[in-house]
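FYI, it's all coordinate maths here, none of it is from the lab. These numbers come from a predicted model, not from an experiment. Positions of Cβ are backbone-derived with ideal geometry, glycine not excepted, and every protein chain shown enters the neighbour counts.
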Amino acid sequence: MFIFFFFGMPIAFGILSSTIYYLLFSGESRELLAFSTRVISASDSYVLLAVPFFMLAAELMNEAKITDRIFSFAKALVGHIPGGLGHVNIIASMIFAGMSGSGLADTAGLGKVEIKAMKDEGYDPAFSAAVTASSAIIGPIIPPSICMVVGAVVTNTSVGRMLVGGIVPGFMMGAGLMLVVYFLSKKRGYPKEKRATMKDIWKQLTATGPALLTPIILVGGILTGMFTPTEAAAVACIYAMILAMVFYKAFGVKRLFRIFINVGTATGALLFVMSAAAALGTLASRAQVPQNLMKAIMSITTNPTITMFIIVGLLILLGMIMEDLSLLVIMGPLLLPVVLKLGINPVHFGVVMVLTLQLAMITPPVGMGFYITCHLAKVDALTYSKEIIWFVMILIVVVTLMCLIPSLVTFLPDLFFGK
């Protein structure tokens, strides 16, 4: 499979090709029909309907240029702190995260605005890129989150619990990144903005306010039981469409059809990867890979905390060479038996897995977010790597705390949904 990836084959085709190759040359070709059924059934899930809905909501927000309004609002709030635009970058990403649920959508949407604004104000391009990349990965942690929905499916746990479980880690990530920005900015003498008046803040709030209600409506609706996470995703779509087409009057019906096509293409690609990974997972189960993996890990330790650190290390290594959602679908079912055997809460495991894969995405030398931000900021990989390391270190601290103190993840889900 990794040979196929090395030669540039798309992930879904690489997974399917390796699965079919094994079946054909291991004398189990008669099982091909059963595997084809598994490929189809993997994407036939009510819960997974949330994925295209969240993608559509994010695309609508991007097309309506709501990202610009969010940036202006965040600038009015925290622009006066030392390293002002760095803090604005992080706050804006956290706000947009609550509406898009996608780190790459954040990078592509807010990234251009954030990096350009920081460079224009005299910030180092590599520093601007590092702040943008590290803040963008908060998107898949704070609800709504495409990764959390997929993570809930592959770990057989509640989507609502997974989404709510990401709230505390997401805010811890934001606070940690702001600390790094503050100290580096003080040391380097980066500029800060003039403090905004209450009138300016109110003006930006009224312009951005309707968009800011999106995560509140979604999370509030899920916690109060008004709708399920899948229904919440549909509500997010309708609300985003009303905001973009009626409130902000950003585009008409013609552009809406183009948005539908873009989202349909992206959804198809994601579900294809999930279906292919499901077939590979079935093959791995028949080959007793989960059982052998369990024996290998338990031969090293039976301590749940140490096991979580081993899993984190493995995921970071794999996440530097593979895309996050693909790894989530492949590794989730393989690691789940180990987690359950050791009594680790599956919600805790799922959130830590998502957070770790996002961290790997910005880690040099090959993370997807790494290359996007290098391209946007027009900086070389080595210079960027020297800057991103400070942010990676603080995010590693957050992951470490998640492993050591599971209640940081499970407290809110248990509070709202019961133990």
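Brief remarks on what is shown
- Descending by average beta-carbon neighbour count within 10 Å, the peptides 135-148, 252-265 line up as 135-148, 252-265, the highest first.
- Estimated FRET transfer efficiency when R0 is 60 angstrom, pair TYR21-LEU256 (beta carbons, to 0.05): 0.90
- Candidate cross-link partners of LYS249 among the lysines, defined by an alpha-carbon separation under 29 Å and a same-chain spacing of 8 or more, comprise LYS65, LYS75, LYS112, LYS116, LYS199, LYS203.
- Label positions at LYS194 and THR400, each projected 7 Å from the Cα along the C-beta direction, are separated by 4.3 nm.
- Paramagnetic reach from LEU212 in region 46-88 [backbone N under 14 Å; point 7 Å along Cα→Cβ]: 69-79
- The chain: most fluctuating residue of VAL339, VAL149, VAL164 per GNM, C-alpha cutoff 10 Å: VAL339
- FRET efficiency for LEU179 and LYS378, using Cβ-Cβ distance with R0 set to 22 Å, rounded to 0.05: 0.20
- Positive-end ranking of ALA74, MET94, GLY332 along the dipole of the chain, with charges on Cβ about the Cα centre, is headed by ALA74.
- Figure legend: label point modelled 7 angstrom from the Cα of ILE306 along Cα→Cβ; residues of region 344-361 with amide N under 20 Å from it are 344-345, 349.
- Sorting ASP324, ASP124, ASP200, ASP380 from the fewest to the most surrounding beta carbons within 10 angstrom yields ASP380, ASP200, ASP124, ASP324.
- Over the chain, relative contact order from alpha-carbon pairs under 8 Å, at least 6 apart, %: 25
- Pairwise label distance in nanometres, ALA287 with ASN156, each label 7 Å out on the Cα-Cβ vector: 2.2
- Span from the region 218-274 Cα centroid across to the region 327-350 one, whole angstrom: 29
- Cα gyration tensor category, rounded, prolate or oblate, for region 132-189 with a/c compared to 1.5: prolate
- Candidate cross-link partners of LYS254 among the aspartates and glutamates, defined by an alpha-carbon separation under 20 Å and a same-chain spacing of 8 or more, comprise GLU59, GLU63.
- Once the chain from PHE247 to LEU49 is taken as fully extended at 0.36 nm per residue, the excess over their C-alpha distance is 68.7 nm.
- 24 Å Cα-Cα reach of LYS419 towards lysines, excluding residues that sit fewer than 8 places from it in its own chain: LYS341
- Of the peptides 346-359, 304-317, the ranking by mean beta-carbon count within 10 Å, highest at the top, reads 346-359, 304-317.
- The residues packed around ALA64, meaning those with a beta-carbon under 14 Å from its beta-carbon, carry a net charge of +2 if Lys and Arg are +1 and Asp and Glu are -1.
- Whether the chain is rounded, prolate or oblate, judged on the alpha carbon gyration tensor where a/c under 1.5 counts as rounded: prolate
- Net charge, ILE81 excluded, C-beta distance under 14 Å - Lys, Arg +1, Asp, Glu -1: +3
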